[in-house]
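Note sheet for the following structure.
FYI, it's all coordinate maths here, none of it is from the lab. Predicted model only: the values in this text are computed from it and were never measured. Note that we place each Cβ from the backbone using ideal geometry, even for glycine, and neighbour counts take in every protein chain shown.
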């Protein structure tokens, strides 16, 4: 059983005529029949039945036709993707991101990539933690993931791209808003707006505070950094956050971002199963985003 046998058989089932397939493939009707007979010998079943105006698949033939048509279609798609990879054009780049990633880190990079590669589709899969983004890469649901860099997971390569210093988001009428910086010990008295429980950023923060014996009292919890900032702006508490690109609160704002120099910065960047196995468009997209970070 060869791919040519299956291709001819699928064509015959769809045309329901041996001579029509022979004309399309520029071969003899006898050659077409030989492909079908070889499949029948290997399966031990009759796959086509003669009819007054051609042929039609038998019950067994319909089973083989459906499987062969699906397999050949998938193979054609795969070969197309491989050709895209070889030429570096077309195809799809699948990216797993956190809820705020595209807005804060990728906006300029996405625009620049789209201008350079209009034929490449970008598919974003939103996940609410770096762990879930890494799982999407591990299970091949995504080619790339933008994550908080941590200990290297098994089977995943990480590439740091930027550092995010920690800040305390407070209203300007709060006593801590007038400081040039905040010490870690001062955080023990704040009304803390908690980061998502499964987020890498929260785990980094908690680990550092545990080492210093600082325990935060939480008055609210959120699903993402932007919501934490909004709640702080509304006066619902204080938010300890990585300073994201695009956050700027100057004169006239009701919120201030006070540096916390005692906390080591978070590192964000890309993750992939194997960098050298990515398609050329995926590599170019990742590099374009890094070049265009705010």
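A few remarks follow.
- 0 to 90° range, to nearest 10: angle between helix 280-291 axis and the chain longest Cα axis: 10
- Mean sequence separation of contacting Cα pairs (under 8 Å, at least six apart), scaled by the length of the chain, corresponds to a relative contact order of 22 percent.
- Available extension along the chain between residue 108 and residue 183 is 23.6 nm, counting 0.36 nm per residue and deducting the alpha carbon span.
- Counting only alpha carbon atoms, the long axis of helix 3-15 and the longest principal axis of the chain meet at about 80°.
- Label selected from (1) 60, 19, 16; (2) 27, 24, 19; (3) 31, 25, 17, the criterion being semi-axes √(5λ) of the Cα gyration tensor in Å as computed here: (1)
- Cβ-Cβ FRET estimate between residue 210 and residue 122, R0 fixed at 35 Å, reported to 0.05: 0.35
- Length gained when the stretch residue 66-residue 138 is fully extended (0.36 nm per residue, less Cα-Cα span): 22.9 nm
- Of all DSSP beta bridges in segment 166-264, antiparallel share, percent nearest 5: 65
- Label-point separation in nm, residue 217 to residue 276, each point 7 Å along Cα→Cβ: 5.6
- Cα-based helix-to-principal-axis angle, 29-43 vs the chain, degrees rounded to 10: 70
- Relative contact order of segment 95-154: 50 percent, from C-alpha pairs under 8 Å at least 6 residues apart in sequence.
- Considering only the chain, percent of DSSP beta bridges that pair antiparallel, nearest 5: 65
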